[in-house]
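Encoded as C-alpha cells, the structure appears first; notes follow it.
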Number of protein chains: 2
Amino acid sequence: MKLVCKKSDLITGINIVMKAVSSKTTMSILECILIDATEGVIKFTANDMELGIETKVEGEIIEAGSIAIDAKIFSEIVRKLPDNDVVIEVNDETKANITCENSKFNILVKSADDFSYLPEIEKKDKITLSQFALKELIRQTIFTVNDADKNKILTGELFEVMGNRLKVVALDKFRIAIRNMELKEDYGNFKVLVPGKSLNEISKILNGGVDDEVNIYFTSNHILFEFDETKVVSRLIECSNYFDTDKMISNDYKTKITINKKEMANCIDRATLLIKEGDKKPVFLTIKDTEMELSINTFIGSMDESIPIVREGSDMMISFNPKFLIDILRVLDSEEVNIYFTNPKAPCFIRDDENSYIYVVLPVVQ
Amino acid sequence: MKLVCKKSDLITGINIVMKAVSSKTTMSILECILIDATEGVIKFTANDMELGIETKVEGEIIEAGSIAIDAKIFSEIVRKLPDNDVVIEVNDETKANITCENSKFNILVKSADDFSYLPEIEKKDKITLSQFALKELIRQTIFTVNDADKNKILTGELFEVMGNRLKVVALDKFRIAIRNMELKEDYGNFKVLVPGKSLNEISKILNGGVDDEVNIYFTSNHILFEFDETKVVSRLIECSNYFDTDKMISNDYKTKITINKKEMANCIDRATLLIKEGDKKPVFLTIKDTEMELSINTFIGSMDESIPIVREGSDMMISFNPKFLIDILRVLDSEEVNIYFTNPKAPCFIRDDENSYIYVVLPVVQ
C-alpha cells in the first residue's frame, strides 16, 4: 500500500474516526484505525464493537492495500509532522513508513484481516433530518443520560418515529427530557433505544449545518447515521419495556411562571457555589406576587436573590436539586421559559406552548 | 468594615494574591485572603508562610476594618456575580455580607488577628530591572528547577549580583541554566537562593512590560519584589554551599554547530512521540558535513530526520535525553542557536557569543 495525503486531510479523518477507538481494552486491534485503500478510495475506520465509524479521506492511492495502525501513535505523529504531503507506505504488512519532508517514521502495524469491519445495515426504515436538528436534539436531552447506570434503559435515548413525528426521550430517576420534532415526510412507525455514549460521539462529529442532511437507518440491532463522507453505526439497547412517558406528563398546574432564562440560570449558578461536593443541599424557590426568591443555606453560608417573574395561579414554595434546573436552563435557547408547578411534592414541568420540548423535574421533598 | 469595589477590580486583586494561598494545609487561616481597609487603602494579602503577596485594590472604604475570608469561596463568588459594584460588609467579625445587584451572600469569615501579615523587609541591598527582563530570566531558567528535589539547593535559583551584573543560575543533576544580565548601575555584591516555586508564581503576576520596573530587595532570609501596586515576599534557601558553576563551564570544544532552533525543536518533538512514559530512550545526533541526522529507535518504531547545519570542527556522534534539549530550545528566542561539543561523554554547551545565556547538558552515555 502506498498513499499520499495532505496532513490536514489526514487529521480531519483521524479526528472523526478517533471517536470510536477504544481507550480501555485488552484487544490492541480495537485501539487501531483501519486504513483501507483497496476499493479506489481511502477509508479510515474505527470500531470499538459498540460504535463504529467509517469516513472517506482525500488523497492519492499509488498502490492499493489496507492495514491497521495504532490510532494514538498515528494521530500524534501526523499532528506533529510539517504541514505538507504525507506518504504512507507499507511493504510487508508489519511496518509502515510515514514520510513527510525530511522526517521519516517507521511504525509497527497490524494486518487489516484482524480488524472488525462495520456490520452491513439494511436500509429500510429511514428518516432524514438536518445535521443542525440532530445535534440540537442530542444536546437538549443527553444530559439526563447516565452512561454508567446499572439499569441499561437509563443509558440510552429513545428515538421514536410516528409517521411524520420524531420524539426523543431521555430520563433518569429524577427527571425526563423530551423533544418533539416534525419530520418532512411520513416515514412509518418504529422506535429504538440508542446508547447515550454513541449519541455524544456522533454529536461531536456533526458539523451542525442547517442545510446538511443526515440519513438515519433503523434496524432491530443497529442504527446507522450517514452524513457528509461519514458512516456511524451504533449497537442498540433492548427497549421493549421502555417507560410510557405519556402517562408521566400532565397538563394540569396550580402555578405557572414565566422567567428570564439567563437570570435564573446565573442565579442558580451562584447558589451552587455554596454547595461543597457530596453535599446535597436544595435551592428553595419562593414564588410570590411578581417575584421568585431563590435561596440556599449551607454550612459555608447563605445566599438569596429575587428575580422578577410573570405569574399565573397561586403562590408556591418548592425546593429542587439546583443541578437539575441548571442542566435544563443551559440547553434552552429561548430568552424566557415557562415553568409549571402543582404542589411542593409534585414534579414541575418546563415546556414551551407547542410541546417541542418538555422537561419534568422531581422536587426535593423535605 | 464596609467596602464598595468594582467586580473587575476585586478579580484583579484576587488573581494576584491567590498565588500565595495554600492549597494543601490543615491551617484554614492559610487558605484565606486578608482584606485590610484599616489604613485608608484596600489591601488584599495572602501568605502561605513561604510566599506572601500583598496588593492594593481600587475601591471605596465606607467603614474601615479588616477580615480574613476563605480565598476559594470568595474568588468563586466574586467571579459569578453580575458585572457591577460589589459591597462587602462585615458587622460582627464572623460573617460577611457580599451584595451585588439583587444577589446577597452571607459567608463565614475569620478575624484578621489570626492572619500572618507579611514580614517587614529591610530595604538595603537592592536592584532594579524591568518586568520584562525578570520574567524572561525566570522563564529561561526555571525549567531546570525541580520543586520536589530532596536536595534543597536544587529547588531554588541563585540570584547573584556582582556590581552591575546579575547572574541567575538553576540546575539539576543533568543540566545547568545560566543567564547573565547587565544592570543599569553598580549595586554591590550579594547572592541569594530563591525557591523556584516562588519565582514561578511571581512570573505569573508580572505584566512583563519593558517600561515597568521591579525593585528587588535582598536580605539574609527574604527577598522582596515590588512592582505595580504589589509586594511579593519569599523566604530564601540557605546557599552558602552552592555549586561553583564557573568551574563547570569550559570554552573548549571540538565541534560547533549552528542550527535553526525551530527545526531542531520540532524534530525532537516528533522523535519523543515514540517514547512511552517511563521509557528512557535517547535521541542520537550524528553530525556530518553540513547535516545533523537525528534518530531514535524504540519498541513503537523508529524515526530519523536530517537538518541542515553550519559546522566547525570534527564529525560527532552523541546522544541526549530529548527532553533536556527541547526544554532549552523552547525558551530561546533567537532563530539560530550554537551548540558546542567536546566528545560523546562530555556535556554540550548551548550559548550565545556574549554568554548572555549558557546551557550545559550531560549526554546519555551508552
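Brief remarks on what is shown
- In the B-A interface, the accessible area buried, summed over both sides, Å² (probe 1.4 Å): 2400
- Mean Cα-pair separation over length for chain B, i.e. relative contact order, pairs under 8 Å, 6 or more apart, %: 13
- Computed over the Cα atoms of chain B, the ratio of the radius of gyration to the Kirkwood radius (Rg/Rh) comes to 1.07.
- Taking every alpha-carbon pair under 8 Å whose residues sit at least 6 apart, the range A:2-114 reaches a relative contact order of 30 percent.
- Solvent exposure, largest accessible area first (probe 1.4 Å, DNA, RNA and ligands not counted), of A:LYS323, B:LYS152: B:LYS152, A:LYS323
- Taking Cβ atoms as reference points and 13 Å as the exclusive limit, the residues near A:LYS256 contribute a net charge of -3, counting Lys and Arg as +1 and Asp and Glu as -1.
- 10 Å Cβ shell holding at most 13 others, DSSP loop, chymotrypsin sites (Phe, Trp or Tyr not before Pro): longest site-free stretch of chain A: A:118-298
- Per DSSP, loop GluC sites (Glu not before Pro) in the range B:279-336 with at most 13 further Cβ within 10 Å: B:GLU335
- Principal semi-axes in Å for the range B:249-361 [√(5λ), Cα gyration tensor, largest first]: 22, 15, 14
- For the protein assembly as shown, the carbon plus sulfur part of the accessible surface works out to 46%, probe radius 1.4 Å.
- Here the spin labels are modelled as points 7 Å beyond Cα on the Cα-Cβ line, and at A:ALA148 and B:SER28 they lie 2.9 nm apart.
- Chain A - accessible surface per residue (Å², probe 1.4 Å): 46
- Sparsely packed loop sites in the range B:53-103 (the GluC sites (Glu not before Pro) outside DSSP H, G, I, E and B with at most 14 other Cβ atoms within 10 Å) comprise B:GLU58, B:GLU101.
- Among A:ASN266, A:ASN97, A:ASN251, the largest mean-square fluctuation in a Gaussian network model of chain A (Cα springs under 10 Å) belongs to A:ASN251.
- For chain A, built as a Gaussian network whose Cα springs stay under 10 Å, the top-fluctuating residue of A:LYS247, A:LYS150, A:LYS280: A:LYS247
- At least 10 Å² accessible surface lost relative to isolated chain, residues of the range B:60-102 (1.4 Å probe): B:ILE73, B:GLU76, B:ILE77, B:LYS80, B:PRO82, B:ASN102
- Chain A, helix-only ellipticity at 222 nm - DSSP H runs n ≥ 4, -39,500 (n - 2.57), divided by all residues, nearest 500: -5000 deg cm²/dmol
- What separates the A:ALA148 label point from its copies, with the point 7 Å along Cα to Cβ, is 2.5 nm, written shortest first.
- Straight-line cross-link partners of A:LYS110 among the lysines, defined as a Cα under 17 Å from its Cα and at least 8 positions apart when in the same chain: A:LYS2, A:LYS43, A:LYS72, A:LYS95.
- Loop-located trypsin sites (Lys or Arg not before Pro) in the range A:175-214 (DSSP state not H, G, I, E or B) with no more than 14 neighbouring Cβ atoms inside 10 Å: A:LYS184.
- Exam field: B:ASP353 pseudo-label spacings to other copies (7 Å along Cα-Cβ), nanometres: 8.0
- Highest GNM mean-square fluctuation among A:ILE14, A:ILE268, A:ILE307, for chain A modelled with Cα contacts below 10 Å: A:ILE307.
- Counting every alpha-carbon pair across the protein assembly as shown, the share separated by more than 38 Å comes to 59%.
- With its label point put 7 Å out from Cα toward Cβ, A:PRO82 sits 5.7 nm from the same residue's point in the other copies, in order from shortest.
- Cut-off 14 Å between beta-carbons: net charge of the residues surrounding B:GLY13, Lys and Arg +1, Asp and Glu -1: +1
- Candidate lysines - alpha carbon under 19 Å from A:LYS254, same-chain residues fewer than 8 apart omitted: A:LYS288, A:LYS345
The values are calculated or read from the model by the stated rules, or taken from the named source; none is laboratory data. All values derive from a computational prediction rather than experimental measurement. All Cβ positions, glycine included, derive from the backbone under ideal geometry; neighbour counts span all protein chains shown. The accessibility values were calculated without ligands, DNA or RNA, using every heavy atom of the protein model including side chains. Shrake-Rupley method; radii C 1.70, N 1.55, O 1.52, S 1.80 Å.
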